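The values are calculated or read from the model by the stated rules, or taken from the named source; none is laboratory data. Keep in mind that what you see is a predicted model, and the values were worked out from it rather than measured. Cβ placement follows ideal geometry from the backbone for every residue including glycine, while neighbour counts extend to all protein chains displayed. Heavy atoms of the whole protein, side chains included, go into the accessibility calculation; ligands, DNA and RNA do not. Shrake-Rupley method; radii C 1.70, N 1.55, O 1.52, S 1.80 Å.
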Amino acid sequence: ITTVDQSTGYIYVLRSLSENEEIKSIDNLFKIGYSVNPVEQRIANAINDPTYFMAPVEVVSVYKCFNLNPQKFEALLHKFFGQSRLDTEIVNKSGMKHSANEWFVVPFEVIDQAIELIISGNIIDYRYDSKNEEIIISEAYAKIN
């Protein structure tokens, strides 16, 4: 990173500290998000935000982005892990239902591996195997190599 590199935001991985047994009982549940502001600022109101299950969260990892669009980076991660997205609705304090759709049931080590593959540009050669909870070489890549 040099003085000409431009900070564009943060990709973050969070763990819910919800006491809701339905949430608490899910192993390897992580939120993958992005923010242009520091993550601590983004999650400051987590207990009042259905995006975070109306509960505190633990910051597992933060990746500061330079010279790229972190929103597209996040979208790529969401698509890559799409089959492991948690499908749930949260009711806020006003009784309104909200979809909390940035939560994935994926081991953190695998999320970290996917981020490294995106950074290296090699993600296109892989896919996520949700049954075995691992990243594997895609069939298309395997056929040409």
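Worth pointing out:
- Being assigned to a strand (DSSP E or B), within 20 Å of Glu22 (Cβ to Cβ) and open to solvent by less than 40 Å² (accessible area, probe 1.4 Å) is a condition met by no residue of the range 61-81.
- Of all residues in the range 27-44, those satisfying the criterion of being under 15 Å from Ser61 (Cα atoms), in contact (Cβ under 8 Å) with a residue 40 or more places away in the chain and either in a strand (DSSP E or B) or open to solvent by 80 Å² or more (accessible area, probe 1.4 Å) (or both) are Leu29, Phe30, Lys31, Ile32, Gly33, Tyr34.
- Cβ pairs under 9 Å, 6+ apart, first in the range 102-131 and closer than 19 Å to Ser25 by Cβ, second of a type in the set (Gly, Ala, Ser) and outside any strand (DSSP E or B): Phe104/Gly82; Phe104/Ser84; Val105/Ser84; Val105/Ser130; Val106/Ser84; Val106/Ala114; Val106/Ser130; Ser130/Ser84
- Residue match in the range 115-136 (condition: open to solvent by 40 Å² or more (accessible area, probe 1.4 Å), assigned to a helix (DSSP H, G or I) and charged (D, E, K, R)): yes
- Pick from the range 84-96, criterion modelled with pLDDT of 95 or more and either of a type in the set (S, T, N, Q) or assigned to a loop (DSSP other than H, G, I, E, B) (or both), ranking: most open to solvent (accessible area, probe 1.4 Å): Leu86
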